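Engineer: Structure incoming, see below.
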Amino acid sequence: MFIRVLGAAAGGGFPQWNCNHPNSRLARAKNPNAKPRTQSSLAVSLDKKKWFIFNASPDLRQQLWQNPELMPVKSDPLRYSPIMGVFLTNADVDHTAGLINLRESQAFNLYATQRVIDVINKNSIFNVLNPKFVKKIPVKLDTYLELLNSDSSKSGIKVKAFAVPGKVALWLEDVNKGPNFGSVEEDTIALEVYNQETGSSFYYIPACANVPDWLKNKIDNADLVFFDGTLWKDDEMIEQKVGIKTGKRMGHISMSGAEGSLKAFEELQIKRKIFIHINTTNPALIDNSEERKKLDKAGWEVAYDTMEIAI
Ligand code: MLT
Ligand code: MN
């Protein structure tokens, strides 16, 4: 199974359009230690011919340019896409706005929880996905589901979705619904992606607010985990005067600190653990930073666009 990182940054990308934080400035200056990154997405394939996209980022068009395997080749029909399906883990703008790039009459399957499908159905801009061609398939939690190719044949890839601590998408928050803004279990899911033929699998967890014991037990001994790397420090955006929210308020665990992901994963035996969905302010984005050294020491990698892993 081939996994290609289409976008390693969090919402806004790296550098973010309106951010003048030193990290973003380094990236704009094309400093080799500050590789730009597009917004959060993975692509998965068994044969590098048919691909499934996990989260549709607003940068999808650029991501296809960066990954030509995801575009048609000469021998393909005049209208064709190797993208067989799209799987959404939440309704965040960085994970759904890219659907608009897939407009017009092209067949693919769209997988998401019923909650997220309802959000898509309610917003008429997504009518650009012609329902005669795009099949929306609701995903049941904690149940294996075999992904289907755009012609409805079986892909050989199974996915099990499960709810993780998180919150409803920022643009859907309802301040009248209490401290969790009306969030429900289906708002934030993680995926176990499984190759039926070889039995290999990996976890994709791009948003997660904390790591309870059940989640530790679930991912312990995994070969590969992609995990929410939004912030280094819970209050880094406030401290650096580029925002007013903590990571906790945004539904994202931070890397450092007693409640952080480094600590939570310390005792776990995971062959490869890779941070993804990394915010433009996170100092660990910078290759030669002290924070990156700490990640290296703890056995973590930091995803970058076009990174490819075969398992
Ligand atoms: C998040 O991950 O918290 C969201 O993508 C934030 C946003 O909507 O920009
Ligand atoms: Mn996001």
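The values are calculated or read from the model by the stated rules, or taken from the named source; none is laboratory data. The structure displayed is predicted, hence computed values, not measured ones. All Cβ positions, glycine included, derive from the backbone under ideal geometry; neighbour counts span all protein chains shown. Each accessible area value is taken on the protein alone, full model and side chains, heavy atoms only, with ligands, DNA and RNA left out. Shrake-Rupley method; radii C 1.70, N 1.55, O 1.52, S 1.80 Å.
Engineer: Order 196-209, 137-150 from most to least packed using the mean count of other Cβ atoms within 10 Å.
Structural biologist: On the way: 196-209: 19.5, 137-150: 15.0.
Descending mean neighbour count gives 196-209, 137-150.
Engineer: If you don't mind, there's one more thing I want to ask. Taking only the C-alpha atoms, wrap a convex hull around the stretch 23-79 and report its volume per residue in Å³ as a whole number.
Structural biologist: Per residue, the Cα convex hull of the stretch 23-79 comes to 124 Å³.
Engineer: Suppose all protein chains stay in the model; what accessible area per residue would a 1.4 Å probe give for the stretch 2-310, in Å²? Please report the intermediate quantities before stating the final value.
Structural biologist: Details: 14250 Å² over 309 residues.
I get 46 Å² per residue for the stretch 2-310.
Engineer: What list of ³J(HN,Hα) values in whole Hz, one per residue of the stretch 10-23 in order, does the Karplus curve 6.51 cos²θ - 1.76 cosθ + 1.60 (θ = phi - 60°) give from phi, with Gly and Pro shown as x?
Structural biologist: Coupling constants for the stretch 10-23: 7, x, x, x, 10, x, 7, 3, 10, 9, 10, 4, x, 4 Hz.
Engineer: If you average 1/r across every pair of different Cα atoms in the stretch 56-173 and take the reciprocal, what Kirkwood value do you get, in Å?
Structural biologist: Numbers: mean 1/r = 0.0659 Å⁻¹.
In the stretch 56-173 this quantity evaluates to 15.2 Å.
Engineer: For the stretch 173-301, give the percent of accessible area contributed by carbon and sulfur heavy atoms, probe 1.4 Å, rounded to a whole number. Mind showing how you got there, number by number?
Structural biologist: On the way: 2860 of 5980 Å².
Carbon plus sulfur share of accessible area: 48 percent.
Engineer: For the chain, report the convex hull volume of the alpha-carbon atoms normalised per residue, in Å³, without decimals.
Structural biologist: Value for the chain: 134 Å³ per residue.
Engineer: Please report, in debye to the nearest 20, how large the charge dipole of the chain is about its Cα centre when each Lys and Arg carries +1 at its beta carbon and each Asp and Glu carries -1 there. Numbers along the way, then the final one.
Structural biologist: Values: 39 positive and 36 negative charges, 142 e Å.
Roughly 680 debye, rounded to the nearest 20.
Engineer: Follow-up question, since we're still on this one. Please list the non-local residues whose amide H lies under 5 Å from the amide H of L224, H modeled 1.01 Å from N, same-chain partners needing a gap of 5 or more.
Structural biologist: So L224 has HN proximity to Y203, K271, R272.
Engineer: While we're here: Springs between alpha-carbon pairs under 10 angstrom, Gaussian network model over the chain: which of Q16, Q63, Q269 fluctuates most?
Structural biologist: So, out of Q16, Q63, Q269, the one fluctuating most is Q269.
Engineer: How large is ³J(HN,Hα) for each residue in the stretch 133-150, as worked out from phi by the Karplus curve 6.51 cos²θ - 1.76 cosθ + 1.60 (θ = phi - 60°), to whole Hz, x for Gly and Pro?
Structural biologist: Karplus values, whole Hz, x for Gly and Pro: 10, 9, 9, 9, 10, x, 9, 8, 5, 6, 9, 5, 9, 8, 5, 10, 5, 5.
Engineer: Can you give me the long-range amide H partners of L231? Hydrogens built in the peptide plane at 1.01 Å from N, cutoff under 5 Å, separation of 5 or more residues or another chain.
Structural biologist: Correct list: M255, N279.
Engineer: Consider just the alpha-carbon atoms of the stretch 1-118 and return their Rg together with their Dmax, both in angstrom.
Structural biologist: Calculated on Cα positions, Rg and Dmax stand at 15.3, 47 Å.
Engineer: Amide H of K136: which non-local residues (sequence gap of 5 or more, or other chain) have their own amide H closer than 5 Å, using H built in the peptide plane?
Structural biologist: Distant-sequence amide H within range of K136: L110.
Engineer: Counting only protein heavy atoms and a 1.4 Å probe, tell me what percentage of the stretch 22-116's accessible area is made up of carbon and sulfur. Don't jump to the answer; show the numbers that get you there.
Structural biologist: Values: 2390 of 4220 Å².
Carbon and sulfur: 57 percent of the exposed surface of the stretch 22-116.
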